[in-house]
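Every read-out reported here was derived from the displayed coordinates using simple, explicitly stated rules and does not represent laboratory data. Quick caveat, the model's predicted, so the values are computed rather than measured. Here the Cβ positions follow ideal geometry from the backbone for every residue, glycine too, while neighbour counts run over all protein chains shown.
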Amino acid sequence: MNSASATLEPFNPFSEALHSDPYAVYASYRSRDPVHRGLASAPGYPESWYIFTYEHVLEILKEERISNERQAISSGQMTPSQLLFYEALSHWLLFRDPPVHSRHRRLLSSAFSARNFAGWKTEIEEISTRRVQAMIGSTQADITHDCFRVVPLEVIAKILGLDILDIDTMLEFTDSFARALDFRTDPSVFDRAAKNIKALDALLIPQIESRRTQAREDLLSRLVEANQEAQFSDRELVYVVMLILTAGYETTINQMGNGFIALMHDRPQWELLCRNEVKMNNAVHELIRFDPALQVMSRSVLEDVKIGGKLIRAGDDLNLMFGSANRDPSMFEQPEKLDLARANANRNLTFGHGLHFCIGAQLARMETVAVLEALIEQCPRIRLDESRPVRWKNHISLRGPQSLPVVV
């Protein structure tokens, strides 16, 4: 340990201090020990590495000796519920390396095409406008509950063509999967997720079979059609839909909430947006940089590698601190300041980079733009309700408000 890091406590990803405002903590490690060995972030590891600077996070995202696949827990240590959950995760492209990753990405790329995104734009705008309008006049409005949590789910259900899924059912699915993804050790978390995987499987298999005989104009039909070449099993397609539901919902609801809080805390920036004095797309990039929903992503080390002059051994657990990298002053001038006109806001690393850049990033940005435009049009004077405090979710990797009371 060098002298700069000698007085630092080992980084603790479970610390309560990270829930409401992690950025002061990140700044300390970023400046004093940017490639840091701290407390274990997941079962099966004695310790974990945490990477805090933009330069090193980007370096690792390009590094072939570092894997997206978690390797610490052997099947012999898992409960049946954990086995089922990690079996599902093994079919999520964000947790796979080539060539398996390439096979999954080809399937999803054909469905998430530019033409399909363009076709979804009007429906996303209509859903967003309707949900914002429904809040107007409420004396107990909670924008997370009334708008941010509902818009992504309605959008996903609509584009997948799954009108059989109601909002409460989708919320139960996505919440249980996200909590299990947070690498908690409580067995009940995995039991709940496994129960919902089985329920989702029972719902989707008949829908997949139906699309084979009678295709519709929806994303599920496009996945089934594209699968004629990829030749996934029906259960693998269920796991692909599970990924779309979870990643498409959890990151978007949290990003909307974080961005909204940032704008309400910096009213001049909100007013610039309302007066159309900054470009909306750039503003969304800056909101994603400033307070990202995805704070950390784990990797496994395949071969010994040096990062920032430190030797990281094969088999070590490594965590990319996106929230810290996006506040690195070596990349972003005055990173603690929200600047909707920031010239390099789109250089944020929230959605990854290169091979593993998030395939749904454009959809998440489209939804955020649509909600912000609806808020500006319908209720530009909206503000946080200071009589009812914001409550933050108790997640490690995902950051976002559980409750966000507003005055409309």
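Quarter the surface of the alpha carbon convex hull of region 223-294 and you get the mean projected area, 6.4 square nanometres.
Which length gain, in nm to one decimal place, applies between Q133 and E386 when the Cα-Cα distance is subtracted from 0.36 nm times their residue separation?
Details: separation 253, 0.36 × 253 = 91.08 nm, distance 2.18 nm.
So the extension gain works out to 88.9 nm.
Restricting region 253-316 to trypsin sites (Lys or Arg not before Pro) that sit in a DSSP loop and have at most 14 other Cβ atoms within 10 Å of their own Cβ leaves R275, K279, R313. What's the local net charge at R235, with K and R +1, D and E -1, over the other residues with C-beta under 12 Å away? Net local charge, R235 excluded: -3. For region 328-381 and region 291-325, write down the distance between their C-alpha centroids in whole Å. Between the Cα centre of region 328-381 and that of region 291-325, the gap is 23 Å. Have a look at D291, D97, D186 and tell me which one the Gaussian network model of the chain (Cα, springs below 10 Å) gives the largest fluctuation. Its mean-square fluctuation being the largest, the pick is D186.
A DSSP coil position with no more than 14 other Cβ atoms inside 10 Å describes the following GluC sites (Glu not before Pro) in region 162-269: E217.
Other residues lying with their Cβ under 13 Å from the Cβ of M321 contribute a combined charge of +1, Lys and Arg counting +1, Asp and Glu -1. Computed over the chain, the P(r) tail beyond 35 angstrom holds 27 percent of alpha carbon pairs. Taking 0.36 nm per residue of separation and subtracting the Cα-Cα distance, full extension of the segment from A118 to E277 would add 54.7 nm.
Go through K158/K279; K158/K393; K121/K195; K195/K393; K62/K198; K62/K158 and tell me which ones have a Cα-Cα distance over 31 Å in this structure. Result: K121/K195; K62/K198; K62/K158 exceed 31 Å.
Count neighbours as other Cβ atoms within 10 Å of each site's Cβ, and list the GluC sites (Glu not before Pro) in region 301-408 that are DSSP loop with at most 11 such neighbours.
E333, E336, E386
Extension gain for the segment H265 to D234, taken as residue separation times 0.36 nm less the Cα-Cα distance, is 6.5 nm to one decimal. Charge tally for I376 (other residues, Cβ to Cβ under 13 Å; Lys, Arg +1; Asp, Glu -1): -3.
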